[in-house]
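What follows is a set of notes on a single structure, which appears directly below.
The values are calculated or read from the model by the stated rules, or taken from the named source; none is laboratory data. Fair warning: this is a prediction, and the values are worked out from it, not measured in the lab. Cβ atoms come from the backbone with ideal geometry, glycine included; neighbour counts cover every protein chain shown. Please note that ligands, DNA and RNA were not included when accessible areas were found on the heavy atoms of the full protein model with its side chains. Shrake-Rupley method; radii C 1.70, N 1.55, O 1.52, S 1.80 Å.
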Amino acid sequence: MSELKDIKLPMHVAIIMDGNGRWARQRNLPRVEGHLVGMESVRDIVTATRSFSIPYLTLYAFSKENWTRPKEEVKRLLEILDIYLEQELPLMMEKDIRFNIIGDLNDFPERIQEKLKDVMKKTGKNKELCLNIALSYSGRKEILHAARGIAEDYKNGRIKKIDERVFSRYLWTKGIPDPDLLIRTSGELRISNFLLWQIAYTEIYVTDILWPDFRKEAYLEALREYSRRDRRFGRVKEA
Ligand code: IPE
Ligand code: IPE
Ligand code: MG
């Protein structure tokens with residue numbers, strides 16, 4: 001693809017999709033309108049990722065802390081998730097996209113849980129793109145969950161040593177390589193409890209563009225910037 005000529009692509013892109021509320025406020029619209037247009041950005045970015053042959057995409061859609069938002073907003077977000085699952089399943093099948101959830105599925109109403117599991121099952125054998133959606137996600141909770149699993153398995157003798165590789169296997173991202181690029185939209189310079197373990201050496205890219213406006217062109221700009229980065233992993237810079 002000519003727009004990607006000479007670009008070194010990441011294997012795994014993670015995105016903190018932020019700024020839906022501000023997008024709506026700028027237009028005097030209710031926040032939910034920002035979330036609805038944000039869903040279109042999700043489709044655009046998923047489609048673009050697939051067309052660029054990037055094999056892993058992780059989208060932060062709802063944090064554990066987001067449950068503290070007003071009841072009405074949470075309700076609308078759940079409705080949007082429901083619509084998304086209905087609408088996007090055919091596209092995922094057509095484009096060979098595997099849908100995966102990271103986060104506490106149990107926090108969701110039973111009906112949504114069933115639907116999420118159903119989409120994961122139906123797309124489970126798809127190979128081209130692994131689409132991870134972080135839902136009711138907390139990086140600290142994920143690390144605690146892993147620590148508990150490890151303690152249990154160490155006690156009963158199923159594991160003999162605890163190192164980084166072993167630890168990673170107990171995370172919700174088991175089997176998924178760490179993100180190469182983390183994008184955050186809407187300009188906030190923080191991680192907000194996202195993928196704390198996994199981003200140890202991830203390149204961070206922050207743009208002021210609000211999520212509902214973040215489309216293919218803005219994504220390409222992030223990928224171009226990533227391609228210019230010099231990743232050193234603690235080594236001395238090569239001459
Ligand atoms: C991101 O947009 C979507 C979610 C966190 C669910 P926000 O709703 O956080 O939008 P801002 O940050 O208030 O603009
Ligand atoms: C981070 O955005 C979570 C998601 C994008 C789902 P927030 O809007 O919740 O983060 P803070 O509150 O600004 O840190
Ligand atoms: Mg926000």
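Values for this structure:
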item: Those residues of segment 180-207 which are closer than 17 Å to I45 by Cβ and open to solvent by 20 Å² or more (accessible area, probe 1.4 Å), in sequence order; result: D180, Y205, V206
item: In segment 39-69, the residues that are more than 11 Å from ligand 1 (Cβ to nearest atom), open to solvent by 30 Å² or more (accessible area, probe 1.4 Å) and within 27 Å of F108 (Cα to Cα); result: E40, R43, D44, T47, Y56, K64, T68
item: Neighbours by Cβ (under 6 Å, 6+ apart or cross-chain): first from segment 91-108, in a loop (DSSP other than H, G, I, E, B); second open to solvent by 30 Å² or more (accessible area, probe 1.4 Å); result: K95/R50; D96/K127; D96/E128
item: Some residue of segment 73-83 being more than 15 Å from ligand 3 (Cβ to nearest atom) and free of Cβ contacts under 8 Å to residues at least 24 places away in the same chain; result: yes
item: From I7, I83, I112, I101, residue being within 15 Å of the chain's Cα centre (by Cα), away from ligand 1 (no atom under 11 Å from the Cβ) and open to solvent by less than 80 Å² (accessible area, probe 1.4 Å); result: I101
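Yes/no matrix, rows are residues, columns are (1) over 28 Å from T49 (Cβ atoms); (2) within 15 Å of the chain's Cα centre (by Cα); (3) surrounded by fewer than 19 Cβ atoms within 10 Å (Cβ to Cβ):
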{"residue": "K127", "(1), (2), (3)": "no, no, yes"}
{"residue": "L131", "(1), (2), (3)": "no, yes, no"}
{"residue": "L135", "(1), (2), (3)": "no, yes, no"}
{"residue": "L144", "(1), (2), (3)": "yes, no, yes"}
{"residue": "G157", "(1), (2), (3)": "yes, no, yes"}
{"residue": "K161", "(1), (2), (3)": "yes, no, yes"}
{"residue": "V166", "(1), (2), (3)": "yes, no, yes"}
